[in-house]
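Contents: one structure, followed by commentary.
The values are calculated or read from the model by the stated rules, or taken from the named source; none is laboratory data. As the structure is a prediction and not an experimental result, all values here were calculated from the model. Counting neighbours? That spans all protein chains shown, and the Cβs are built from the backbone with ideal geometry, glycine included. Remember, those area values only see protein heavy atoms, side chains included, never the ligands or the DNA or RNA. Shrake-Rupley method; radii C 1.70, N 1.55, O 1.52, S 1.80 Å.
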Amino acid sequence: MIVIDQDWNWERRLRLSRLAGSRLPPGTYTRRELLHALLVNSDNAAAETFAADYPGGRSAFLHTMNQRAWNLGMYSTQFQDPSGLSSGNVSNAGDLGTLIRAAGGYSIIRDISIQPHVAVETHSRKRTRMMELNNTNGRALGMINNIQVSKTGFTNPAGFCMALQVEQQGEVYLVVVLGAKNSAKRLDLVKNLLYNHTAEIADTRHQPKKHRPK
């Protein structure tokens, strides 16, 4: 969201950061290509590249991330790096639900994050080729209908995590799973929430409110 708010010139080229790993070879890429790599393939170097390009640099980018989180009411969240790799990055399920709802307000995030794969043009030794990047959440995209926003994550301290915005029977649900033991368990938890509990939530929403007598 910070990247999108900063600059809508998606054809401007940036040199890929070396502060984090990437499937992309060294070189320059358009901001559009880097955003696709970031949202679809969770590319950490793309995140660092955007942070370095931000007015004021990486520290200003992190400050803006934390300020945005505070403004959204994410009071249990703290960012210490742009990619999410640091063990100092902390949050909880409620805050991440707030974040995925806010991200769903950006049409470009909705469009990109649910693509099963994207192609990025790479250049090396005077040779150009298209590299295909697969979505880190490809299994969920193939098994769950009407996903509007999709993002996975993993670090050793956090385990396997996922945040989704999904529409089911006219209702929009925010689904957050943290600390799963593996990617299969992560997906099983999401499916259980969506298929076994959303009907109960919808029924609760549609029941008439009870008023206590004065």
Would you mind telling me which residue in D111, D81, D43 has the biggest mean-square fluctuation in a Gaussian network model of the chain, where springs connect alpha carbons within a distance under 10 angstrom?
-> D111
Averaged per residue, what accessible surface does the chain expose to a 1.4 Å probe, in Å²?
-> 57 Å²
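Heavy atoms only, 1.4 Å probe, whole protein assembly: order L38, L72 by accessible area, highest first.
L72, L38
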Phi-derived 3J(HN,Hα) across the range 82-89 with the Karplus relation (6.51, -1.76, 1.60, θ = phi - 60°), rounded Hz, x for Gly and Pro, is x, 8, x, 7, 5, 5, x, 6
Contour minus Cα-Cα span, R18 to M143, at 0.36 nm per residue, comes to 41.5 nm
Averaging sequence separations of C-alpha pairs under 8 Å and six or more residues apart, then dividing by the length of the range 129-173, give the relative contact order as a whole percent.
-> 29 percent
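In whole percent, how big is the carbon plus sulfur part of the accessible area of the chain, probe 1.4 Å, protein atoms only? Kindly include the intermediate steps, with their values, before the conclusion.
Details: 6170 of 12270 Å².
Carbon with sulfur: 50 percent of the solvent-accessible area.
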In whole angstrom, note down how far apart the Cα centers of the range 124-146 and the range 53-109 are.
-> 24 Å
Over 17 Å, how big is the tail of the calculated P(r) for the range 63-125, in percent of all Cα pairs?
-> 54 percent
Could you give me the ³J(HN,Hα) list for the range 182-191, computed from phi with Karplus coefficients 6.51, -1.76, 1.60 and θ = phi - 60°, whole Hz, x at Gly and Pro?
-> 7, 5, 5, 5, 4, 5, 4, 5, 4, 4
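Could you please report the charge total around A163, scoring K, R as +1 and D, E as -1 over all other residues with beta-carbon less than 12 angstrom from its beta-carbon? Mind dumping the intermediate values first?
Numbers: positive: R101, K151, R186; negative: D95.
After counting each charged neighbour, the total is +2.
Local charge sum around A51 (other residues, Cβ-Cβ under 11 Å, Lys/Arg +1, Asp/Glu -1)? The partial results should precede the final answer.
Values: positive: R58; negative: E48, D53, D81.
Summing Lys and Arg as +1 and Asp and Glu as -1 gives -2.
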Once you've got the GNM for the chain with C-alpha springs shorter than 10 Å, pick whichever of N182, N135, N44 has the biggest mean-square fluctuation.
-> N182
Between R129 and Q169, with labels modelled 7 Å along Cα→Cβ, what's the label distance in nm to one decimal, could you check?
-> 4.9 nm
Rounded to the nearest 500, what is the chain's calculated 222 nm mean residue ellipticity when only DSSP H runs of at least 4 contribute -39500 (n - 2.57) each, over all residues?
-> -12000 deg cm²/dmol
Label corresponding to P(r) over Cα pairs in 10 Å bins from 0, in percent when calculated from the structure given, among (1) 8, 25, 21, 12, 10, 9, 8, 6, 2, 0; (2) 8, 31, 35, 18, 6, 2, 1, 0; (3) 9, 35, 39, 16, 2, 0 = (2)
